[in-house]
Each structure stands twice: as C-alpha cells, then as structure tokens.
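Engineer: Below is the structure I would like to discuss, written out as structure tokens.
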Amino acid sequence: MILIDGKKIAAELRAELKKEVSGLKDKYNKVPGLTVILIGDLTPSQIYVRNKEKSANEVGLKSEVIKYPDSVEEKVILDKIKELNNNESVSGILVQLPLPKHIDKKKVIETIAHSKDVDGFHPMNVGNLSSGYESSVPCTPLGCYLLIKKVEPNLNGKKAVLIGRSNLNGKPMAQLLLKENCTVTITHSKTKDLKAECLEADIIVAAVGIPELVKGDWVKKDTIVIDVGINKTDKGIVGDVAFEEVSKNAKALTPVPGGVGPMTIACLLKNTIDCFKRSQV
C-alpha cells in the first residue's frame, strides 16, 4: 500500500510556489498579499491562522492577520472587508471560520470580492466551479484532488464515492472529479447502504466527521482512500477511516494527521497566488 504523505507533497508544492512568487516579484515588482481576519480567541482557529501566516511567509507572500475580539460588531467586519477589496496590495482575503453567533457567515462570504475569495466560498466561485469556469476552489477538496492525482494521474472513467455532501468539501470535490471524467456518487447520512456504495469505488473521499466510519471490508483492492476527518477520541486523533483495517486493502491511503491537513494550507497559498495572477491580466 502507498501511504500518501501529505506533509511531503505539501512541502513540494510550497517549494514550487516559492519559485513562482520569486518569478512574479521579478516580473511585477510586487508579491501576492494574503490578509486573514481572525475574530475571537478560539484556540484551534488561532493555531490554524498561525500556521497559515508561517506558510505564507515561507513562500514569500505578504501576510497580514487582523484580529478582533468576539464582541466586534458585524458592520465593522463588513466595512473592513470592503476596504480590503479596494486595496490593490491585497490579493486574497480570508475570514477564519467559525464566526461568533451574531455575525452572519453568508453576509461575510458574499461581501468578500469573488476575485479575492481564496477560500472559494463566494457564490460566484461556487457557480464558476460547477460550470467549469476559472475560479478559486475550496482549499481542502483542492488538496484532496492533488493528492489523488499524485497517485493516479489518469482518472478517466474511475468511480469516485464521496462520503459527505458539505459545501466545504463534498460538493466542490464532486465538481473537481467530474472535470476529470470520473463517475461520481455523493453519499450522506440518508444513504441506504453506504458499505455497498464504497465497495464499488476506485476512489473514496471520507469527510463526514464520524471516527473510523469506513471499515476494512468496505474497501476493495486497488482503491485510493482520502481521509479528510479529524476526530478527537479516547485513542487520540483519528480520521473517518479505520486506518489499520483499510490499509490492508487500499492501494493508497492518507494518514491522519499528516495527510490532507498540510495540503489545505498549501492550497490556500496557491489560491492567493492564482488570485494575484488573475488580477494582473
């Protein structure tokens, strides 16, 4: 079995992006800029934002984090986003989720200019992705897609089963794999026989937040399995896939941690650079 090393592949991607940023600096005499807005003091969000900032600096991006207390008014955030939309030195804007209850997530996402939406959540980007047009793609499914392509460059005719139908992962993942001529099945909590669906798959992407849901006897030989789940249990951090069991059957499998996670941040940097390049046309 191939252990898909997300850390190593993300490091290779960052090295490529660093070269690209250097070339853009030579060409335009400026570098892409990423601005992250962080509201409140949730520890996971703080760690995640710190990692984003570190990675952005590593590849040579201009990185800025703007912090607000939990109590900040929604209008302050929306006004700041509008200001950043008009700031030419900012290529990408990201508002770290989750947000405090009094701030409307939909309003925040829709206020970010779609050309600077590095998360790929703006309705314009969602529509462009599903129509096959150029767009920012949400970072986690983009990372999963790049990992799958590392193992199997030709996905023509492959059957892909996605577990989970979220806007964050399942739906954009389906669009990326359809573009590669996969036959895509999206499963969810109301799917009648999930095991039977998985046994048909050449590719499984599990992103549902149920610890070790996908068992060894759900996976046929030569399947590529991507585990997006991160679940805290008594055993420690586990994914949505029963790693030991599934590793006996799968052709390739991502570990948790160290699989999809590192790719998500690397793809955020890629999206920022792509937003910058599109703005220079």
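Engineer: So Leu38 fits all but one of (1) of a type in the set (A, V, I, L, M); (2) in contact with a Pro (Cβ under 9 Å, 6 or more places away or on another chain); (3) in contact (Cβ under 8 Å) with a residue 40 or more places away in the chain; what number is the exception?
Structural biologist: (2)
Engineer: Within the range 69-112, can you find the residues that are surrounded by fewer than 18 Cβ atoms within 10 Å (Cβ to Cβ), under 23 Å from Gly33 (Cα atoms) and small (Gly, Ala, Ser)?
Structural biologist: Ser89
Engineer: Is it true that Asn156 is part of a loop (DSSP other than H, G, I, E, B) and at negative phi?
Structural biologist: Considered against the rule, which asks whether it is part of a loop (DSSP other than H, G, I, E, B) and at negative phi, Asn156 comes out as yes.
Residue-by-condition table, conditions (1) basic (Lys, Arg); (2) under 19 Å from Leu142 (Cβ atoms):
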{"site": "Pro211", "(1), (2)": "no, no"}
{"site": "Trp218", "(1), (2)": "no, no"}
{"site": "Lys221", "(1), (2)": "yes, no"}
{"site": "Val228", "(1), (2)": "no, yes"}
{"site": "Gly239", "(1), (2)": "no, yes"}
{"site": "Ala252", "(1), (2)": "no, yes"}
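Engineer: Then there is this: Check Thr35 against each of (1) buried (at least 20 other Cβ atoms within 10 Å of the Cβ); (2) more than 24 Å from Val137 (Cβ to Cβ) and name the one condition it does not meet.
Structural biologist: If we test Thr35 against (1) buried (at least 20 other Cβ atoms within 10 Å of the Cβ); (2) more than 24 Å from Val137 (Cβ to Cβ), just (2) comes out false.
Engineer: Another one. Quickly run through the range 37-63 and pick out the residues that are within 25 Å of Pro100 (Cα to Cα) and either aromatic (Phe, Trp, Tyr) or assigned to a loop (DSSP other than H, G, I, E, B) (or both).
Structural biologist: Gly40, Asp41, Leu42, Tyr48
Engineer: Continuing with this model, one more query. Are there any pairs with C-beta distances below 9 angstrom linking a residue in the range 103-117 that is farther than 17 Å from Asn87 by Cα to a residue that is of a type in the set (Asp, Glu) and part of a loop (DSSP other than H, G, I, E, B), with the two at least 6 apart or on different chains, and if so which?
Structural biologist: Ile103/Glu73; Ile109/Asp119
Engineer: I'm trying to understand the selection: among the residues of the range 123-163, which are surrounded by fewer than 21 Cβ atoms within 10 Å (Cβ to Cβ) and free of Cβ contacts under 8 Å to residues at least 40 places away in the same chain?
Structural biologist: Pro123, Met124, Gly127, Asn128, Ser131, Tyr133, Lys149, Pro153, Asn154, Asn156, Gly157
Engineer: If you don't mind, another one. Given (1) closer than 18 Å to Pro211 by Cα; (2) among the small types (Gly, Ala, Ser); (3) over 17 Å from the mean Cα position of the chain (by Cα), identify the lone condition not met by Ser279.
Structural biologist: (1)
Engineer: If you go through the range 1-51, how many residues are over 28 Å from Tyr68 (Cα atoms) and among the aliphatic types (A, V, I, L, M)?
Structural biologist: 12
Engineer: For residues that are charged (D, E, K, R) and assigned to a loop (DSSP other than H, G, I, E, B), tally how many sit in the range 74-100.
Structural biologist: Selection size over the range 74-100: 1.
Engineer: So for the range 15-36 (the condition being within 17 Å of the chain's Cα centre (by Cα), in a helix (DSSP H, G or I) and modelled with pLDDT under 95), does at least one residue qualify?
Structural biologist: no
Engineer: Which members of the range 190-247 meet the condition of being in contact (Cβ under 8 Å) with a residue 60 or more places away in the chain and of a type in the set (D, E, K, R)?
Structural biologist: So the first thing to find is which residues in the range 190-247 are in contact (Cβ under 8 Å) with a residue 60 or more places away in the chain, and the list is 205, 207, 224, 226, 228, 240, 247.
Within the range 190-247, Asp240 is the sole residue that qualifies.
Engineer: Additional query: In this structure, does Lys149 turn out to be touching a Leu at 6+ places or on another chain (Cβ under 8 Å) and over 24 Å from Ile9 (Cα atoms)? First the steps, then the outcome.
Structural biologist: On the way: touching a Leu at 6+ places or on another chain (Cβ under 8 Å): yes; over 24 Å from Ile9 (Cα atoms): no.
When the stated conditions are applied, Lys149 does not pass them.
The values are calculated or read from the model by the stated rules, or taken from the named source; none is laboratory data. Just so you know, these numbers come straight off a predicted model, no measurement behind them. Using ideal geometry, Cβ is built from the backbone for each residue, glycine included, and neighbour counts are taken over all protein chains shown.
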